Amino acid sequence: MFLNIFKDPPILLILTVFFTVVIYSLKSYLRIQKNLNTIFEILNKYKKSELSYRFEELDAELLDNPFISATWAEFKNTLIISDKLVLKDKNENYQIEEVANLDAKVYATVDTSYFFNDVSLVRSKYNAKFIGIAPTFLTGMGPLFTFAKMAEAFAALDFSTPDAVTASVASLMHHMQLAAMCSVLAVAGSLIYMLIDRLSYTMLCEKALVRVQNTFCKLFDVVASEKFLIDLLKESKVQNHSNSVMLSYIPEGIYKSIDKVMSKTMVPYLEHLVYGVNKLTDTLIKNSKKNDSLDNLF
């Protein structure tokens, strides 16, 4: 007799709605957990120090993943890849220094949680509105079918004969029992569903989401864009000063190079030239003396 109650259409409808939303929620959360674990495995392969030369590899993997590709594309626009400056140290030796003296070569100007949160990675991946109104819908079905059953029971009352009254009262009690069961099952289903939904969301989605968020935070240091511009301006001034010092050494370097070239090539050449001119002069002088001696003989 008790099992026959569950064959009543309103009760069957309430149970069908309850199991449908529970199964849909669990399937959605399991699918999201699987995708979040995949993303975590991708991110876990990289280290902050490797992003400078493995960023394109990471970018390709995340863009190929449809679960996170759109969010990653938006986040990538906020990333800044730090350049490098050539500066002089105290010993006048050249060294490579990063802009803004940052350890990370790829860093974000916006907090990673702004892009990778429960809205973008969890709630947007299933029909959150449907799951959100499911408890209210179940609760509303209780009073609806309760009053419908009560109306059906009172409409079936027959006071024409004593036997009809007895039969109608028995039918009334049966319908009232079904009406009460509709209300109890609907409210109980709503409470149980909210408990299952909260526990499954926490265990399946929230833990996986926190792991992904923490991994993104470890890979990308967050630096405010204003601070980056100020530090970049400071480093630009340092580099300009360094360039000015380097340019001031150019004339001296050119002078030393020319002096070195002259001393190695031109000076010996001029010495040989002067030596040849002196020898030629001596020869001419000797020849002129010989000619003077001949003139004296004649």
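Principal axis extents of the C-alpha atoms in the range 12-71 (largest first, rounded to whole Å): 60, 18, 12. With each label modelled as a point 7 angstrom along the Cα→C-beta vector, the S257-M194 pair spans 8.2 nm.
Taking 0.36 nm per residue of separation and subtracting the Cα-Cα distance, full extension of the segment from L12 to V187 would add 61.5 nm.
Full extension from V277 to Y53: what is 0.36 nm times the residue separation minus their Cα-Cα distance, to one decimal in nm?
Result for the pair: 73.9 nm of gain on full extension.
Determine, from the Cβ-Cβ distance of K27 and V119 and an R0 of 22 Å, the FRET efficiency 1/(1 + (r/R0)^6), rounded to the nearest 0.05.
For R0 = 22 Å, the calculated efficiency reads 0.65.
Measuring against 21 Å, Cα to Cα, the residue pairs K76/K207; K125/K207; K27/K125 contain K76/K207 as the ones spanning a longer distance. Label-to-label distance for T20 and L63 is 4.2 nm, based on points extended 7 Å past Cα in the beta-carbon direction. Subtracting the Cα-Cα distance of K286 and A73 from 0.36 nm times their residue separation leaves 67.2 nm of extension gain.
Every number here is computed from the coordinates shown, using simple stated rules; none is lab data. In this text, all values refer to a predicted model and were calculated from it rather than measured experimentally. Heads up, the Cβs are rebuilt from the backbone with ideal geometry, glycines too, and the neighbour counts pull from every protein chain shown.
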